[in-house]
Structures are given as structure tokens and as C-alpha cells.
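**Student:** Sending over a structure as C-alpha cells; questions will come in a sec.
The values are calculated or read from the model by the stated rules, or taken from the named source; none is laboratory data. Note that the structure is a prediction, hence the values are computed from the model and not measured. Because the Cβ atoms are built from the backbone with ideal geometry, glycine has one as well, and the counts that use them run over all protein chains shown.
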Amino acid sequence: MTREAKQETTAREGLKEMGFLVTRYPLIKAEREGLPYQLNLTHLAEHREGEYAINNSVVCWVMDGEIYAAPYTRKLALLLEQAGFRNGSFYVPFSNGEHPYNRKTEWESLLLSAGVATLKDFEEDAKVWCDEHKIGSIDENLLESCLRIPRGGIPVEDGGVYSTYYPRLNETCVDIVAISCLGSYSYNAGRVAFVYRDGHTYLSKDPSIMDILEKAGYRRDDFLVPLSGSEKITDAYLEYLWDNIPEVYK
């Protein structure tokens, strides 16, 4: 077996492992609609062998007469290329908010895993970009003394008004938005917010961290610093994490 043939075989095995096997007559349900309904996908199995299509970050491909679907990831795209699949244009199941009626949990697990993989790819790409632009690391203990803003945000209340602080950078790829944010920090009322080299936004109660960030190649910017006013965190776990970070007065 040649190297190319071995690579293709390995890729096809990987595609089977990553794919959600779709029957030719799947029963599916839209998230906000009542009854499930059945599709006839026989035409895909019979006429789209060796092809794949993408819609709304969901991929469908036909291999050995079987129909597969999976959330898009970089690894999946690479396997399709290595296996020699052609890019086609056809219906992609589960790509418009619907899900397999009897296997919803299995599909949601794939979506969750793909989200984790995409975030990991983004973190690695952000670090590579920061390496190229001389934006370095800071001490791990210092980083752990900061609160990392989750991608779902920090819910807060201020004078009866409820809102959510999101990370300054919430991208899934290192694009022009990410480039403008990576390696930046801002200060207000004893609080420092910074976008670290992993792409995440952190909050510190220690103003002296600004000197450390400057030495590591970070630049000062002027953007909103969460939790630097009278607002209160309404999520118990995030409140616990924030309250357990000691105040540093200067």
C-alpha cells in the first residue's frame, strides 16, 4: 500500500468515527416546531458518493453508500481532504436548527465536542499570532489570580438593571477583530481587563499587573473594564471566584 493510499484509508476510518450516521429516512424535529417529520435522503446516498457539503457549520458527506453528518471542525475538514472527497452542493441535515428526533442527545454531544475543538484551535492560533508579534506569557500564578470571563459572559445587576459582560474577544478564528484585541489591556478604578495570548479576556484586581503586561509586549487600550463600578455579579459561582481574589490597593 502506498503512502497516499494508507493516508486515505486512515482518513476514511477517522471520518466514520467522527460522523453521525444518518439513515436514508431520518426522523427529525425542528427546535421550535411541534411534530417530527421524516425525510427521504435516498438521492444523497445514490448520487453523492465521495462528496461533502457544508451549511451553517454542519458538514454532510456520503461514503460507501452511507450518509454522515457532523459539526464542522478543522480536523474534519482535513480528513475529508485526505480522503479525497469533493466539495458538492446538496442538502445538509441538521444544519438549520433541527435535530434527529430519537438521537438528540447524541447529536448535541457532537455539537459540544466540536465547540471545544474549535475553541482549542482558536487558542492555539492566537498563541501562534502572539509569538509572531512578540506578545509573551506572564507568570501562571499571576494569571490564576485573575478571573477569566467565560464566553457566556458575567451576568450582573446594578441598581435594578440586569446585563451581561462578555469577553472583549469572542471569536472562533484569528481574524481582523481578534488581531485588534489580542495583547491589549485597559484600566479603570483599580481593575485591569486584558486579552491574553490565549484569546481569553481576564480581569485583575492588581493594578501592578499593567507593568508586567507592558514588559510582556502588551499595549494599553481604552475599552470597558467589567466589575470596575458598583455592579454586582448575579451568578453564584462567578461571584465566589471574584470575591476570593484579594484586593490590591496602590
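**Student:** Could you pull out the residue among TYR162, TYR187 that is surrounded by 16 or more Cβ atoms within 10 Å (Cβ to Cβ) and assigned to a strand (DSSP E or B)?
**Tutor:** So the residue among TYR162, TYR187 that is surrounded by 16 or more Cβ atoms within 10 Å (Cβ to Cβ) and assigned to a strand (DSSP E or B) is TYR187.
**Student:** Scan the stretch 190-231 for residues that are assigned to a loop (DSSP other than H, G, I, E, B) and among the acidic types (Asp, Glu) and jot them down.
**Tutor:** ASP198, ASP206, ASP221, ASP222, GLU231
**Student:** How many residues are of a type in the set (Phe, Trp, Tyr) and touching a Cys at 6+ places or on another chain (Cβ under 7 Å) if we restrict to the stretch 165-214?
**Tutor:** 1
**Student:** If you don't mind, there's one more thing I want to ask. Within the stretch 232-250, track down each residue that is touching a Pro at 6+ places or on another chain (Cβ under 6 Å) and at pLDDT 95 or above.
**Tutor:** Passing the criteria: THR234, ASP235.
**Student:** Please tell me if ALA189 is of a type in the set (A, V, I, L, M), touching a residue at least 40 places away in the same chain (Cβ under 8 Å) and touching a Lys or Arg at 6+ places or on another chain (Cβ under 9 Å).
**Tutor:** Taking the combined requirement at face value, the residue does not satisfy it.
**Student:** Can you pull out the residues in the stretch 213-240 that are buried (at least 16 other Cβ atoms within 10 Å of the Cβ) and either within 24 Å of ASP139 (Cα to Cα) or outside the structural domain of SER163 (by TED's automatic domain parsing) (or both)?
**Tutor:** LEU213, ALA216, TYR218, ASP221, VAL225, PRO226, LEU227, SER228, LEU238, listed by residue number.
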